[in-house]
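Report on the following structure.
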Amino acid sequence: MPTPRAAVDVGSNSVRLLVVDGDGARLTREMVITRLAAGVDATGHLDDLALARTLEAIAGFREVWASYGVESRVRIAATSAVRDAADRARFFDGVRAETGVEAEVITGEEEAQLAFLGAATAVEVARPTAVIDIGGGSTELIVGGSDGEVAGWVSLQLGCVRVTERHLASDPPADGELRSARSMIEEQMDRAEKVLAEQGVAMTDAASLIGVAGTATTLGAIHLGLPTYDEDRIHRTRLPAAALADMAERLAGMTSAQRATLGPVQPGREDVIHGGALVLHAALARMGLDAVTISEADNLDGLVASLA
């Protein structure tokens, strides 16, 4: 008889848990913002407090998955922040001590494949489609083929935390900082086009774009004017390019305190969401599409599906 299973995605900005039953139906989905990537870009090492927050969140998740009867079918996967840290062994040792599970670092390619698997089957959009996963430290862009499979992918050193830490120091950011951030993002978009071209794929091949992960879903929630974060309403939201451009400009003109007053902006995201908005807007513009469709299903869903 199929048993329940759980997956934990340890991202640069947040740690997320998904528990499903033996048939794959969701039992719970939870998220804690821990900012594991804090300082990693500058120092190459995990910050002590950020690591402690992350391990505390994972320990809490262990109690949650155990309460649903999950015993051994657990996968804990870390992404950009741990990939980039020279002292990543501290993370592995801590997770093992807290949960008894051997965590893993997934490659950019694995992250891209999982994001595409999770999102492309969860929303109805024009095909072929592309999926963009804007994390804290990296952004994965995956372009599908006419057969519905991955045709090309690229992992960019471009995330909401990385953009903010490198270029958006002021609160709100100064015009020169915004120009520097946009320049960095455009350079990474140039790289994306080059890497995809080497795989025989162009960003403009996609007839639609699906946005996954916290930046995209939060922007979708702001677009809807939600008083609080509501994933059922956010899922499948169509965010027009013009509305995204206006939102990116508006968020960049706010202070972190002002962004925090926006109902669906979860604590810990208010000081980086504007950096993520710049990335999503640039990608959508480069692809020449008029909207991005938001999906709550992403690489976390792909992770738990891999345990089936």
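Just so it is clear, none of the values below were taken in a lab; they were calculated from the coordinates. Note that the structure is predicted; figures quoted are calculated from it, not measured. Cβ: placed from backbone, ideal geometry, glycine included. Neighbour counts: every protein chain shown.
Please compute the contact order of the range 202-270 in relative form: average sequence separation of alpha-carbon pairs under 8 Å and at least six residues apart, divided by the residue count, as a percent. Kindly include the intermediate steps, with their values, before the conclusion.
Numbers: 45 pairs, mean separation 24.4, N = 69.
That works out to 35 percent.
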Gyration tensor on Cα atoms of the range 5-105, a ≥ b ≥ c root eigenvalues, a/c under 1.5 rounded, else prolate if a/b beats b/c, else oblate, says prolate
Reduced to Cα centres, the span from the range 243-304 to the range 44-92 in Å works out to 25
Taking N as the number of residues in the range 108-235, the ratio of its alpha carbon radius of gyration to 2.2 N^0.38 Å works out to 1.11
Sparse-neighbourhood loop hits (GluC sites (Glu not before Pro), the range 77-110; DSSP loop; Cβ within 10 Å at most 16 others) -> GLU102
Along the dipole axis of the range 39-84 (charges at Cβ: +1 for Lys and Arg, -1 for Asp and Glu; origin at the Cα centre), the most positive-end residue among VAL40, VAL74, ALA52 is VAL74
With N residues in the chain, Rg(alpha-carbon) / (2.2 N^0.38 Å) equals 0.94
Answer in debye to the nearest 20: the dipole magnitude of the chain about its Cα centre, from +1 Lys/Arg and -1 Asp/Glu charges placed on Cβ, is 280
Calc'd 3J(HN,Hα), the range 47-53, phi into Karplus 6.51 cos²θ - 1.76 cosθ + 1.60 (θ = phi - 60°), Hz, glycine/Pro = x, comes to 6, 4, 5, 5, 5, 4, 4
The relative contact order of the chain, taking Cα pairs under 8 Å that sit 6 or more residues apart, comes to a percentage of 20
Sparse-neighbourhood loop hits (GluC sites (Glu not before Pro), the range 208-271; DSSP loop; Cβ within 10 Å at most 15 others) -> none
Restricted to the range 108-300, the DSSP antiparallel beta bridge percent, nearest 5, is 65
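Could you give the length gained by full extension between ALA245 and ALA59, i.e. 0.36 nm per residue of separation minus their alpha carbon distance, to one decimal place?
Separation in residues times 0.36 nm, less the Cα-Cα distance, equals 63.0 nm.
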Simple spin-label estimate for ALA197/ASP87, 7 Å along Cα→Cβ, in nm, reads 4.2
From fewest to most C-beta neighbours within 10 Å, the residues SER170, SER155, SER12 line up as SER170, SER155, SER12
Once normalised by the length of the range 17-120, the mean sequence separation of its alpha carbon contacts under 8 Å that are 6 or more apart gives a contact order in percent of 23
Quick calc, the range 5-105, dipole around Cα centre from Cβ unit charges on Lys, Arg (+) and Asp, Glu (-), nearest 20 debye, gives 200
